[in-house]
Amino acid sequence: MNIHYQIDGPQDAPVIVLSNSLGTSLSMWEPQIATLTQQFRVLRYDTHGHGQTEKRGKVTLAQLGEDVISLLDHLNIAKAHFCGISMGGLTGIWLARFAPERFHSVSVANTAAKIGEQSAWLSRARTVREEGMDVVAAGSADRWFTGEFRQHQPETVEQLVHQLARSEAEGYAECCEALAAADMRGEVAAITVPVLIIAGEQDPVTTVADADFLHQQIPGSQEVILPASHLSNVEAAGAFTQSLVTFIRGLNGR
Ligand SMILES: O=C(O)CC1=CCC(=O)O1
């Protein structure tokens, strides 16, 4: 298995898989772990070219999704809950559409059926390859957090920005290229898995309008809007975790 992962929580509890955003790692889920492990076996992994998962060359959204299936197969997990943020959320949309039999539910946060513009992603991939990660890291605090959060929790912000600045440019660039090509707008209406959509009311990257589109298109989906910017699981950690747990608990009656 060439995907780095970590498992926490009781062995016999239902499994929830957590999938990180671009430029972060499985450690971004730290604010959720204490609560989630009370009820779930939490499986988090580093996405392709991120954290301790090595890059393998050109990657597509489908391959990011298939990585999750390979990880479940490797661990003999037949079916799990899934929660992903941003790029991890888009991976969740792909999984909900193309591997529904493997998931009880899919929660997608701060994401969109198509994230950003193709030209911007290709330009970002070129920039990090030519100039390194510092340029992208410099603007990341503004993309990820509200001004209020940056002011009140500067250490948390600095830690994530520092991790981004030190991360490997090629793995990041390959994921930017995957995002450039990924477009699930024509697919989401065919999703049958229970889906929760979480948005940040001040997210400038994947907006509330993007979340509304998913909610309108995905039959039976639920939507929650949190007081946060893009990394809502960090900025509104308690409300994020509670929304996720409440959604999954509510599925028991279905
Ligand atoms: O640009 C960013 O850093 C925010 C982002 C877009 C996709 C993703 O996963 O993170």
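Numbers at a glance
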item	result
Kirkwood-type radius of region 46-95, with distances r between different C-alpha atoms, in Å	11.4
Computed Kirkwood radius, in angstrom, where 1/r is averaged over Cα pairs of region 1-101	13.5
Percent RCO, i.e. relative contact order, over region 72-209, from Cα pairs under 8 Å lying at least 6 residues apart	35
Computed over region 192-254, the ratio Rg/Rh where both radii use C-alpha atoms and Rh is Kirkwood	0.98
Cα-Cα pairs of region 183-222 separated by more than 10 Å (percent)	68
Debye, to nearest 20: dipole size of the chain, +1 on Lys, Arg Cβ, -1 on Asp, Glu Cβ	560
Size of electric dipole in region 97-152: Cβ of Lys, Arg +1 and of Asp, Glu -1, about Cα centre, debye, nearest 20	240
Relative contact order [Cα under 8 Å, 6+ residues apart], the chain, whole percent	22
Reach of Lys58 by Cα under 20 Å, taken over aspartates and glutamates that are not fewer than 8 positions away in the same chain	Asp46, Glu66, Asp67, Glu117, Glu130, Glu131, Glu168, Glu170, Glu174, Glu177, Asp183
Mean ellipticity per residue at 222 nm, deg cm²/dmol - from DSSP H runs of n ≥ 4 across the chain, formula -39500 (n - 2.57)	-14000 deg cm²/dmol
Sequence ranges 206-217, 12-23, 35-46, ranked by mean other-Cβ count within 10 angstrom, highest first	12-23, 35-46, 206-217
Using alpha-carbon coordinates, inclination of helix 208-217 to the longest axis of the chain, degrees	40
Normalised convex hull volume, region 90-193, alpha-carbon set, Å³ per residue	125
Using alpha carbons only: equivalent-ellipsoid semi-axes of region 18-169, gyration tensor based, whole Å	26, 20, 14
If the convex hull is drawn through the Cα atoms of region 154-224, its volume per residue in Å³	129
Of Ala13, Gln163, Ser140, farthest towards positive along the dipole that unit charges on Lys, Arg, Asp, Glu beta carbons give the chain	Ala13
Positive-end residue, the chain charge dipole about Cα centroid, Cβ charges, pick of Ala181, Leu122, Val245	Val245
Centre separation in Å (Cα based) which lies between region 169-227 and region 79-103	11
Dmax and Rg, reported as Rg then Dmax, of the chain (C-alpha, Å)	16.6, 53
Area projected by the alpha carbon convex hull of region 99-143, averaged over all directions, nm²	4.9
Percent accessible area from carbon and sulfur atoms, the chain, protein chains only, probe 1.4 Å	46
1.4 Å probe accessible area per residue over region 171-254, in Å²	39
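The values are calculated or read from the model by the stated rules, or taken from the named source; none is laboratory data. What you see is a predicted model, and the numbers here were worked out from it, not measured in a lab. Here Cβ is always computed from backbone atoms with ideal geometry, including for glycine, and neighbour counts include all displayed protein chains. Quick note on the areas: whole protein, heavy atoms, side chains included, nothing else; ligands and nucleic acids left out. Shrake-Rupley method; radii C 1.70, N 1.55, O 1.52, S 1.80 Å.
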